[in-house]
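Peer 1: I have a structure here, written as structure tokens, and I will follow up with some questions on it.
FYI, it's all coordinate maths here, none of it is from the lab. Given the structure is predicted, the values throughout are model-derived calculations rather than measurements. Note that we place each Cβ from the backbone using ideal geometry, even for glycine, and neighbour counts take in every protein chain shown.
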Amino acid sequence: MAGRPKRTPKTGGRQKGTPNKTTAEIRKAAQAHGPAALKKLVALSKSKDEKVVLAACNAILDRAYGRPVQAISDPDGEKVAFSFTMIVAPEE
């Protein structure tokens with residue numbers, strides 16, 4: 001079996017949370033077009049077609065405030081609570 005032995009620390013590579021170069025370049029290129037895209041969305045929000053207006057407004061709101069949280073409920077409509085327990089093996 002290839003790879004590192006169990007219980008040995010990972011070494012090398014990018015630090016956690018550091019985007020790779022390609023992702024950073026794509027993000028930078030996309031952000032350069034952000035203001036123009038937002039202007040286009042605002043223009044589309046003034047369309048005569050209600051479907052276009054709705055899609056443009058949703059896109060603007062999602063970018064301004066984030067996507068809305070979707071609640072999880074059971075078939076009766078009651079909110080469902082989750083509890084997570086993390087079990088970690090003791091270090092030897």
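Peer 1: Using a 7 Å offset from the Cα along the Cα-to-Cβ direction at both Ala89 and Gln31, what is the distance between the two label points in nm, to one decimal?
Peer 2: The two pseudo-label positions are separated by 4.1 nm.
Peer 1: Remind me, relative contact order of the chain in percent, using alpha carbon pairs under 8 angstrom and six or more residues apart?
Peer 2: 11 percent
Peer 1: Quick one: what are the phi-derived ³J(HN,Hα) couplings along the stretch 18-34, Karplus 6.51/-1.76/1.60 with θ = phi - 60°, whole Hz, x for glycine and proline?
Peer 2: Using θ = phi - 60°, the values come out as 8, x, 6, 4, 5, 4, 4, 5, 5, 4, 5, 5, 5, 5, 5, 8, x Hz.
Peer 1: Further question: Taking the chain as the reference, fit the longest principal axis to its C-alpha atoms, fit the long axis of helix 50-65 to the helix C-alpha atoms, and give the angle between the two in degrees, 0 to 90, nearest 10.
Peer 2: Its long axis makes an angle of about 40 degrees.
Peer 1: Please rank Ile26, Ile87, Ile72, fewest neighbouring Cβ atoms within 10 Å first, as an exposure proxy.
Peer 2: Fewest to most other Cβ atoms nearby, the residues stand as Ile87, Ile72, Ile26.
Peer 1: Using only helices, what value at 222 nm comes out for the chain when you add -39,500 (n - 2.57) per DSSP H run of length 4 or more and divide by the total residues, to the nearest 500 deg cm²/dmol?
Peer 2: About -13500 deg cm²/dmol.
Peer 1: Where the centre of each part is set by its Cα atoms, how far does the stretch 72-92 sit from the stretch 10-69, in angstrom?
Peer 2: Taking the Cα centre of each part, the stretch 72-92 and the stretch 10-69 sit 31 Å apart.
Peer 1: Tell me, what is the FRET efficiency for Glu78 and Leu54 to the nearest 0.05, using R0 = 30 angstrom and their Cβ-Cβ distance as r?
Peer 2: Plugging the Cβ-Cβ distance into 1/(1 + (r/R0)^6) gives 0.50.
Peer 1: Quick one: pull the percentage of alpha-carbon pairs in the chain with a separation above 17 Å. Don't skip to the answer; put the middle values down first.
Peer 2: Numbers: 3196 of 4186 pairs.
More than 17 Å apart: 76 percent of the Cα pairs in the chain.
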